[in-house]
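In what follows, a single structure is set out as structure tokens and then discussed.
What follows draws every value from the coordinates through simple rules; no lab data is involved. This structure is a prediction, so every number in the text was calculated from the model and none was measured. Because the Cβ atoms are built from the backbone with ideal geometry, glycine has one as well, and the counts that use them run over all protein chains shown.
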Amino acid sequence: MNVLIVEDEKSISHEMEIYLTRQNFNCDVAFNGKSASDKINATNYDFILLDLGLPDMDGLDLLKESKKNGIEGAFIVLTARGEVEDKIAGLDLGADDYIAKPFSLAELHSRMQAILRRKHGLKSNTMSIGDFEIDIQNRTVHCNGELVNITKKEFDLLHYLGLHKNRVLTRIQLTEHIWGDVLEDDYESNYIDVHVKNLRKKLVAHGNIDWLETVRGVGYRVNI
Amino acid sequence: MDKIKNVIKSGSQTLQVKFAIYNAISKSFIILAFMALLPLIIEKIVYDHIDKRLQARSEKVLKIIHKGGIDDIVLEQDCSFESYSILKEEFVAIYPITNLSDTINGISIANESRNIEGEQLVHRILTLSFIYDNQNYKLEIGEGISSIDQLKSTIKKFSLWMMLGVILISIFLDFAFVRILLQPFNKIINTKLKPVPAPINFDFTPIPSTTHEFNQLDNRINEMMHKLQDTFQLEKEFISNVSHELQTPISILQNRLENIIVSENVSDEILIRLSESQKTLSRMSRIIKALLLISKIENDQYLKTDQVNISELLDEVIDELEDRIAHKNIHIVKRFYQEAVITDCNKALLHNMFFNIINNAIKYNNHEGEIIVTTRNINNQLIVEIEDNGIGMEQGQIPYIFDRFKRLNKSTAEGFGLGLPIVKTIAGFHKISIDVTSQPDKGTCFKCTFENKETI
């Protein structure tokens, strides 16, 4: 998978590059609109991660131009503006997703996976963890054919852990994924622990969940 | 703005009323004084007239005597003469003076009470002495003054009514004049000193006036409002810019931490500390996001183009919070009015607002507590009430709960105190007034009234 990171802030593009390379993406970096435009037209990228605030041009213009030129790669708009108007404009111009800065790299990765599934119609829309079958489309969990009754937030949590299997996800990463858009006062809440506790209780009634590990003082991990 | 309102004393009166009262009192004083002096003035004027008349008559009598001799007049034995008009209102009398000490120098005029033919009458009497034929005579010319009292009371009555009329007319005229005079002043108060949600809403339209002081006042108020607005704007821009600028370094740190956390050669101990750092960074990031959100709303950077069914929105919020509600085993009662549709609003912001309010109702509730969420339509105004029976708060805390970075409740020591300021800002943006009532250990109620009547 080829990814172009269009971001003028070098430290950010560098960290994105490290993370995505570790996830087996081939990363290319452009620090301004001009070089980004050249690269987009020269290489067939699967993903273009586009920062809106570029030094030489508006990221949205680049997006518009690329779409006009028939570029097929998926665009994810990254913006520090976080403004609703940008979101609407970005999506209307053909961006596949929008993510506001500061964002978590794990979140970015899961969004990319979601786009991949959508665009390339991955073999199936299910994910299996142990004896459990997660239907991403219908947002349900089955174990040996039996439906496991979990809440929406619990589903999000399990799905997110499953997407990042074998890697620890910290409580903050999980919190930001589940309560992403909500600006909560209570940042240190133990809601994630409560969610995991409830999730475990519901899952264990159906099958073995040894794969759901607690990383003490840090977070959780699906280990398969 | 509410604080300003409280400063205005409830018993204070408008300038116009004060002017009217002052005018009425001062005029009444003048008239009372005039009424007290009036009898003296009348007396003085009337006596002056009578005295002049008496003098003229005395001169006439003396002329007749000098021309025709006294004998024609003085017929009686004792050489004296008295003549009264029929009603005894006037008389002329001449007496010879035998005793020289009775002689008067010049003329004397005095009031005297006399018994005339059995009737006690008061006259104004002019007395003078003259010599005729080596004989000293005393001339008395009198005029009755009983009619003066009558005159006095008539004039008094007349002037009293006239004065009352004049006072009434003048008070009315004063009132009208002061009203016209104060018109620009009242306009300044009503437009310039009107409570506004933010300095951005100040009205700078100059108030035309021909009064120099009012023009000065209006100009100075405008100048001060401009200064206030500029300062406010600068502060907002500053917060917005700082928050914006801080996002990039936070992004870098956040991404770097994530990369270090997932790298393989990190010991467990370092991992814990990294995750703690992530938590700290996340806190900072949320504070900045909250500040940015508030400043963006205040700068009108959000659209209000959505049409939202508030009852459905509340359902969504409650749905989103189902885990937290279940965790505390809280009973939710929904009393929804189904057609609670609001137009020209921002759904995401309203969602955020109700999320914060209901989340607080959960957070400050007891296990097995209850939350009643009601939507009602009263006089075409949508009212949303979120009432819990949780820990509540002291009356004195309520005015401060919407202040930024205020932490009142010890149990929220971990929060950053921007949840309710966000609620307030979103409410202000949508013209929703929020009334909070609370009692310790009884619970809290947030009553949101949509002032926008455009419910359909």
Exercise for review: Return the FRET efficiency for the residue pair A:D135, B:E370: r is the Cβ-Cβ distance, R0 is 45 Å, and the value is rounded to the nearest 0.05.
Suggested key: 0.80
**Study point:** A:K152 paired with B:W161, simple spin-label distance in nm, labels 7 Å along Cα-to-beta-carbon
**Key:** 8.6
Exercise for review: Starting from the stretch B:115-218, pick out the chymotrypsin sites (Phe, Trp or Tyr not before Pro) whose DSSP state is loop and whose Cβ has at most 16 other Cβ atoms within 10 Å.
Suggested key: B:F204
Review point. Is there a pair in B:K363/B:K442; B:K44/B:K156; B:K27/B:K187; A:K197/B:K447; B:K44/B:K157 whose C-alpha atoms are over 25 Å apart, and which pairs would that be?
Key: B:K27/B:K187; A:K197/B:K447
**Study point:** lysines whose Cα lies under 19 Å from that of B:K194, excluding same-chain neighbours fewer than 8 positions away
**Key:** B:K3, B:K5, B:K9, B:K227, B:K431
Study note, to complete from the structure: Percent of all alpha-carbon pairs of the stretch A:126-222 at distances over 19 Å, whole number, is 37
Study note, to complete from the structure: Rounded to one decimal in nm, the spacing of the 7 Å Cα→Cβ label points at B:M224 and B:Y400 is 2.8
Practice item. Would you mind computing, in nm to one decimal, how far apart the modelled labels at A:E65 and A:T43 are, each placed 7 Å from Cα along Cα→Cβ? Key: 1.8
Exercise for review: List, in the order given, every pair from A:K10/B:K279; B:K279/B:K328; A:K67/A:K152; A:K202/B:K304 whose Cα-Cα distance in the structure shown is over 31 Å.
Suggested key: A:K67/A:K152; A:K202/B:K304
Check your understanding: Taking +1 at the Cβ of each Lys and Arg and -1 at the Cβ of each Asp and Glu, which of A:N44, A:V6, A:L203 sits farthest along the dipole of chain A towards its positive end, judged by Cα position relative to the Cα centre?
Key -> A:L203
Exercise for review: Report the full-extension gain for the segment B:F34 to B:V242: residue separation times 0.36 nm, less the Cα-Cα distance, to one decimal in nm.
Suggested key: 67.4 nm
Point to revise | Helix B:15-68 axis, angle to chain B major axis (alpha carbon atoms, nearest 10°) | key: 10
Point to revise | Compactness index (Cα Rg / 2.2 N^0.38 Å), the stretch A:22-64 | key: 1.16
Point to revise | Reduced Cα scattering model of the stretch A:2-120, Debye log10 I(q)/I(0), q = 0.11 Å⁻¹ | key: -0.30
Review point. Against the longest alpha carbon principal axis of chain B, how many degrees, from 0 to 90 and to the nearest 10, is the axis of helix B:310-320 turned?
Key: 40
Review point. Measuring from centroid to centroid over Cα atoms, what is the spacing of the stretch A:95-112 and the stretch B:14-68 in Å?
Key: 101
Revision key, fill the gap. In units of 2.2 N^0.38 Å, the Cα radius of gyration of chain B is 2.12
Check your understanding: What's the longest piece of chain B with no exposed trypsin sites (Lys or Arg not before Pro), counting a site as exposed if DSSP puts it in a loop and it has at most 11 other beta carbons within 10 Å?
Key -> B:10-452
Check your understanding: Excluding same-chain residues fewer than 8 positions from B:K60, which lysines have a Cα within less than 22 Å of its Cα?
Key -> B:K52, B:K88, B:K138
Study note, to complete from the structure: With no solvent term and unit scatterers on the alpha-carbon positions of the stretch B:213-345, Debye gives log₁₀ I(q)/I(0) at q = 0.16, 0.22 Å⁻¹ of -1.04, -1.16
Check your understanding: Per residue, how much space in cubic angstrom lies within the convex hull of the C-alpha atoms of chain A?
Key -> 132
**Study point:** Tilt relative to chain B, helix B:212-262 - C-alpha long axis, 0 to 90 degrees, to 10
**Key:** 10
**Study point:** GluC sites (Glu not before Pro) within the stretch B:202-269, DSSP loop, no more than 15 other Cβ atoms inside 10 Å
**Key:** B:E264
Check your understanding: Which of the trypsin sites (Lys or Arg not before Pro) found in the stretch A:104-158 are loop residues per DSSP with 14 or fewer other Cβ atoms within 10 Å of their Cβ?
Key -> A:K123, A:R139
Review point. How much mean residue ellipticity at 222 nm does chain B get from its helices, if each DSSP H run of length 4 or more adds -39500 (n - 2.57) and you divide by all residues, to the nearest 500 deg cm²/dmol?
Key: -18500 deg cm²/dmol
Point to revise | Using alpha carbons only: equivalent-ellipsoid semi-axes of the protein assembly as shown, gyration tensor based, whole Å | key: 106, 28, 20
